[in-house]
1. Could you run through segment 146-165 and say how many residues are without any contact (Cβ under 8 Å) to a residue 40 or more places away in the chain and not β-branched (V, I, T)?
2. Within segment 111-159, how many residues turn out to be out of contact with any Lys or Arg (no Cβ under 9 Å at 6 or more places or on another chain) and among the aliphatic types (A, V, I, L, M)?
3. Can you go through R194, R153, R123, R128 and tell me which one is part of a helix (DSSP H, G or I) and basic (K, R)?
4. Could you please give the count of residues in segment 111-132 that are touching a residue at least 24 places away in the same chain (Cβ under 8 Å) and under 18 Å from M59 (Cα atoms)?
5. Filter segment 175-202 for residues that are free of Cβ contacts under 8 Å to residues at least 60 places away in the same chain and farther than 22 Å from W140 by Cβ and give the result.
Amino acid sequence: MAREWIRGAAARLRERGPAGLAVVFAALALGCATPPPNRQADICAVFDQHPDWYDYARMSADHWGTPIPVLMAFVHHESSYRSHAKPPRRWWLFIPLGRPSSAKGYAQAQDPVWGEYQAERGRLFRSRSDMQDALDFVGWYNAKTSSQLGISRADARNLYLAYHEGRGGYRRGTWKKKPGVQRTAARVEATSKRYAAQLRRCEERFQCDSWYQVWPLCR
């Protein structure tokens with residue numbers, strides 16, 4: 001039924017030109033969104049369900065230096081692995097007031113910093129709802145944080161505080177008056193440590209698991 005509706009809608013919108021077809025492609029993209037992992041507390045289960053995510057995390061870790069467990073802990077606590085996550089809408093009585101920020105996607109990247117990332121890494125085909133791009137973004141942001149603030153790329157807690165508050169906010173200590181942000185940063189740190197212990201037991205099975213990966217180059 002859904003496919004018939006889409007085909008019918010495509011036929012009608014085709015008459016309206018590129019703008020109409022763009023609507024159809026957007027609907028298809030939403031319909032094909034990657035489902036969140038069923039067992040998010042276990043990184044081995046996460047990668048079992050989405051093995052490509054291991055490859056994406058490894059590429060980001062190798063390029064930018066943030067360890068895989070830290071990268072995945074960021075995404076877990078930012079979006080619960082939901083590709084089209086956005087902050088909840090604010091309401092006044094029954095009147096919608098919009099969302100508190102422009103954050104969206106796996107990494108909850110906001111428009112200004114996402115624009116900076118695109119300018120450096122190239123705009124073509126990059127999307128906040130794509131896990132490969134999201135993990136590359138987190139690695140890119142943390143690399144800059146480490147260079148500018150001297151925070152270790154394995155220090156999940158302080159990296160997250162700078163990620164949430166911005167580097168300027170971190171310098172000013174804005175997070176010190178935000179216990180909720182501090183609690184989340186502590187949870188990110190705890191998750192990254194748990195993920196690291198889990199990954200040591202299962203990482204080998206995700207290495208060299210694709211036809212294009214040749215041992216020992218993929219290790």
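1. Matching residues across segment 146-165 total 12.
2. 8
3. Selected residue: R194, the only one of R194, R153, R123, R128 that is part of a helix (DSSP H, G or I) and basic (K, R).
4. 6
5. Listed by number, the residues that qualify are K176, K177, K178, P179, G180, Q182, R183, A186, A190, A197, R200.
Any read-out appearing in this document is the output of simple, stated calculations on the displayed coordinates, not a laboratory observation. Quantities reported herein were computed from a predicted structural model and do not represent experimental measurements. As a convention, Cβ positions derive from the backbone with ideal geometry for all residues, glycine included, and neighbour counts pool all protein chains shown.
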